[in-house]
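A.B. asks: Once you've had a glance at the structure underneath, I'll fire off some questions.
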């Protein structure tokens, strides 16, 4: 699998913003999960498929975080252009909601305005 990625040493409530030129799967994960992801293993992430840009993720806890933009699959590669930046905390900013977010996440988003899709994936 091909992907773009950027590492951030981020603190709770800071915001990672990703600009996309087209719809793409965007995942936000800790360093440990990124290592699992790169090795094709099961990993946990926040995010999913986003059709609109920018995508914003409010950091839930201090850690090394990765913003990953998937460029399709080996069978169906996709040319995606993306840029990222780390922003200071801002109470007016909420997480973007993934198109493929589970129903319970969508309900929480409408009630609280603070969650995006969470997932876990087995590779290979």
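The values are calculated or read from the model by the stated rules, or taken from the named source; none is laboratory data. For clarity, every value in this text was computed on a predicted model and none was experimentally measured. Every residue, glycine among them, receives a Cβ derived from its backbone with ideal geometry; neighbour counts consider all protein chains shown.
A.B. asks: Taking the range 8-20, which residues are closer than 10 Å to residue 84 by Cα and surrounded by fewer than 17 Cβ atoms within 10 Å (Cβ to Cβ)?
C.D. replies: If the condition is that a residue be closer than 10 Å to residue 84 by Cα and surrounded by fewer than 17 Cβ atoms within 10 Å (Cβ to Cβ), then 19 is the only one that fits.
A.B. asks: Please work out which residue is modelled with the lowest pLDDT, limiting yourself to the range 103-124 and to residues that are within 17 Å of residue 43 (Cβ to Cβ) and surrounded by 13 or more Cβ atoms within 10 Å (Cβ to Cβ).
C.D. replies: Only one residue tops the list, namely 116.
A.B. asks: Mind counting the residues in the range 57-86 that are touching a strand residue (DSSP E or B) at 6+ places or on another chain (Cβ under 8 Å), at pLDDT below 95, assigned to a strand (DSSP E or B) and farther than 15 Å from residue 5 by Cα?
C.D. replies: Number of matching residues: 1.
A.B. asks: Something else about it: For the range 18-34, indicate whether the set of residues that are more than 11 Å from the chain's Cα centre (by Cα), under 17 Å from residue 95 (Cβ atoms) and not in a strand (DSSP E or B) is non-empty.
C.D. replies: no
A.B. asks: Show the residue pairs meeting these rules: Cβ distance below 9 Å; 6+ apart or different chains; first residue within the range 12-36 and in contact (Cβ under 8 Å) with a residue 24 or more places away in the chain and on the phi > 0 side of the Ramachandran plot; second residue assigned to a strand (DSSP E or B) and crowded, with 19+ Cβ neighbours inside 10 Å.
C.D. replies: These pairs meet every condition: 13/58.
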